[in-house]
Amino acid sequence: MSKKAIGFLLATFTLVAVIIYSVQNPPTADAQIVNYKSESCGCCKMWQDHLIDNAYTVEGVNVDRMDLKKDELGVPQNLRSCHTAVVEGYIVEGHVPAKEIQRLLLEKPDAKGLAVPGMPINSPGMEVEGAPNDPYDVIVFYEDGRQEVYASY
Ligand SMILES: [Cu+2]
């Protein structure tokens, strides 16, 4: 085999190894999520468990005044829910599915964050056995006030 052919094979093997590695270790796998919540909030805790089940590292931080925390982080009034999380500089407000956080971290839009306003029944962490699903949108919001539908459930 020529040196060139060996070089080509090595390059190919390296590329394949890198691809396999990145598929098995998506960039979100070691994303640190800090979740601000009230100590008494059960669904906030259930949402954290949903993230942990999806291989995120979550630190829950109990806050006395969530309204002040949301003011400080700049969560728009109309998008507010129970907990407010921060991941890689993005705000994640409310019961956003882990899948959409993964998409956010892959696409890295020039946005401020994602939100699921309110607390829709059967969104992650809001499971109610036997209750019909509340349809809901995941909203992406921007520094300049723009808000768009990111995903619909
Ligand atoms: Cu909640």
- Query: Semi-axes, largest first, in whole Å: what does sqrt of 5 times each Cα gyration tensor eigenvalue give for the range 90-133?
  - Reply: 24, 10, 6
- Query: When ranked by the protection proxy of mean other Cβ atoms within 10 Å per residue, highest first, what sequence do the peptides 40-49, 68-77, 113-122 form?
  - Reply: 113-122, 40-49, 68-77
- Message: Cross-link candidates for residue 69: which lysines have Cα within less than 21 Å, leaving aside residues fewer than 8 places away along the same chain?
- Response: 37, 45, 112
- Query: For residue 144 and residue 40, what is the calculated FRET efficiency with R₀ set at 25 Å and r taken between the beta-carbons, to the nearest 0.05?
  - Reply: 0.10
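For the range 86-153, state which trypsin sites (Lys or Arg not before Pro) are in a DSSP loop and have at most 15 other beta carbons lying within 10 Å of their beta carbon.
Answer by residue number: 146.
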- Item | Potential lengthening between residue 128 and residue 54 on full extension [0.36 nm per residue; Cα-Cα distance subtracted] | 24.6 nm
- Query: GluC sites (Glu not before Pro), restricted to the range 106-144: which are DSSP loop and have at most 10 other Cβ atoms within 10 Å?
  - Reply: 129, 143
- Message: Quick query: amide H of residue 60 versus all other amide H atoms, modeled in the peptide plane; which residues come in under 5 Å with a sequence gap of 5 or more or a different chain?
- Response: 35
- In square nanometres, what is one fourth of the surface area of the convex hull spanned by the alpha carbons of the range 25-153? 7.5
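Read the figures in this text as sums done on the coordinates, not as results from a lab. Because the structure is a prediction, the values reported are computed rather than measured. Note that each Cβ is placed from the backbone with ideal geometry, even for glycine, and that neighbours are counted across all protein chains shown.
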